[in-house]
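I have placed the structure first, in the form of structure tokens, so that the comments after it can refer back to it.
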Amino acid sequence: MLRGLYTAASGMLAEQRRHDTVTQNIANLNTPGYKQVNSVAHSFPEMLIALMGDKRSGSPAPIGKLVTGVFAEESLPAFVQGDLKETQKSTDFALVSSLSLDDPATGEPIAFDASGKYVGQDGTVTYQPQAFFAVADENGNVRYTRDGNFNVNAAGELRTSTGYRVLDDQGNAIVLAAGMSVDSLKSSAAGQLTTYDNNTGTTVPVAALGIVVADRPQQLVREGNGVYVAQDETAAGIRTFDPAADGASVRQGYLEVSNVDAAQSMVDLMAAQRAYESNQKIIQYYDKSLEKAVNEIGRV
């Protein structure tokens, strides 16, 4: 009798996590470079049940399959390109990614779905590669982000809105020397930065934006504030950005907005709430049944 109680309880926990995930997506609608997170739910392994002691056949008679609940296994970001918003700010940069992969079986480019995923005929899941800006925290640990909302501090360092140092293609912090104009900062499609030097009166190179490609972005781990870490760079397929070969470019004066679908998120939020309430009513039913069994059946 209590099996259904535990099944409903596991459903409530799964829907609570789904609700929290959707709420987080809605809260980051206006966060540059934010990637929508999808909660993945799985059922507990099915069990085959049989009738024991069947005198007619002499062996257990199969009854069928039994599933004892569901759980939210993980939350996966959808690394698909977001829309661009023009800011006309010299330190704002957006990555435009259209990286592709060829199907090993056919040699043709893979057609990824709206979530940047492709499921092969054999069930193998392939995710679309994505480009990221390389940044570093105060301890020098390398992180990756799609948020190009940068600024220059008093020391001339190019930093993210959350204080991470922006790295160049050699892994060093990008610093504008004294006399270099921030307003005159220019970037090529490949991320090569130049600016006007007030001391010499000429245009001088600054650095190249540190851009990397993750061939398997689903292996990246979210740290918050739109920042990701590669716990295993080999597993994530981290490699240097190749402007000539990779289908990605830098747009200066633009920001990539969140790829969260606001309308669909509201639908998912209501669905999660209703599913949670349905499981809650099942538990209330079991609670009343148990109360009746204890208080009334025991008297008979």
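Here are the numbers for this structure:
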item: Some residue of the range 235-255 being in a loop (DSSP other than H, G, I, E, B), of a type in the set (S, T, N, Q), under 29 Å from Asn28 (Cα atoms) and assigned by the TED database to the domain that holds Gly210; result: no
item: Close pairs from the range 276-294: first over 14 Å from Arg3 (Cα atoms), partner assigned to a helix (DSSP H, G or I), Cβ under 6 Å, at least 6 apart; result: Tyr276/Met12; Tyr276/Glu15
item: Meets criteria (exposed (fewer than 15 other Cβ atoms within 10 Å of the Cβ), at pLDDT 90 or above and closer than 25 Å to Ala27 by Cβ) for Gly163; result: yes
item: Exclusive hit being assigned by the TED database to the domain that holds Ala244 and either surrounded by 11 or more Cβ atoms within 10 Å (Cβ to Cβ) or assigned to a loop (DSSP other than H, G, I, E, B) (or both), set Phe112, Phe132; result: Phe132
item: Residue that is surrounded by the most Cβ atoms within 10 Å (Cβ to Cβ), among those in the range 244-300 that are touching a strand residue (DSSP E or B) at 6+ places or on another chain (Cβ under 7 Å) and among the β-branched types (Val, Ile, Thr); result: Val250
item: Residue check for Ala9: modelled with pLDDT of 80 or more, surrounded by 15 or more Cβ atoms within 10 Å (Cβ to Cβ) and outside any loop (DSSP other than H, G, I, E, B); result: yes
item: Test: residue in the range 175-185 that is crowded, with 18+ Cβ neighbours inside 10 Å and under 21 Å from Ser97 (Cβ atoms); result: no
item: Leading residue by the ranking (nearest to the chain's Cα centre (by Cα)) among those in the range 217-243 that are loosely packed, with under 13 Cβ neighbours inside 10 Å and closer than 16 Å to Leu99 by Cβ; result: Thr240
item: Per-region count, the range 174-214, residues out of contact with any strand residue (DSSP E or B) (no Cβ under 7 Å at 6 or more places or on another chain) and not aliphatic (A, V, I, L, M); result: 7
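To keep it simple, each residue is scored yes or no on (1) at pLDDT 90 or above; (2) within 30 Å of Ser90 (Cβ to Cβ).
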residue: Tyr228; (1), (2): yes, yes
residue: Glu233; (1), (2): yes, no
residue: Thr240; (1), (2): no, yes
residue: Gly247; (1), (2): no, yes
residue: Val257; (1), (2): yes, yes
residue: Asp268; (1), (2): yes, no
residue: Ala271; (1), (2): yes, no
residue: Arg274; (1), (2): yes, no
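The values are calculated or read from the model by the stated rules, or taken from the named source; none is laboratory data. Just so we're clear, the structure is a prediction, and the values are computed from it rather than from any experiment. Every residue, glycine among them, receives a Cβ derived from its backbone with ideal geometry; neighbour counts consider all protein chains shown.
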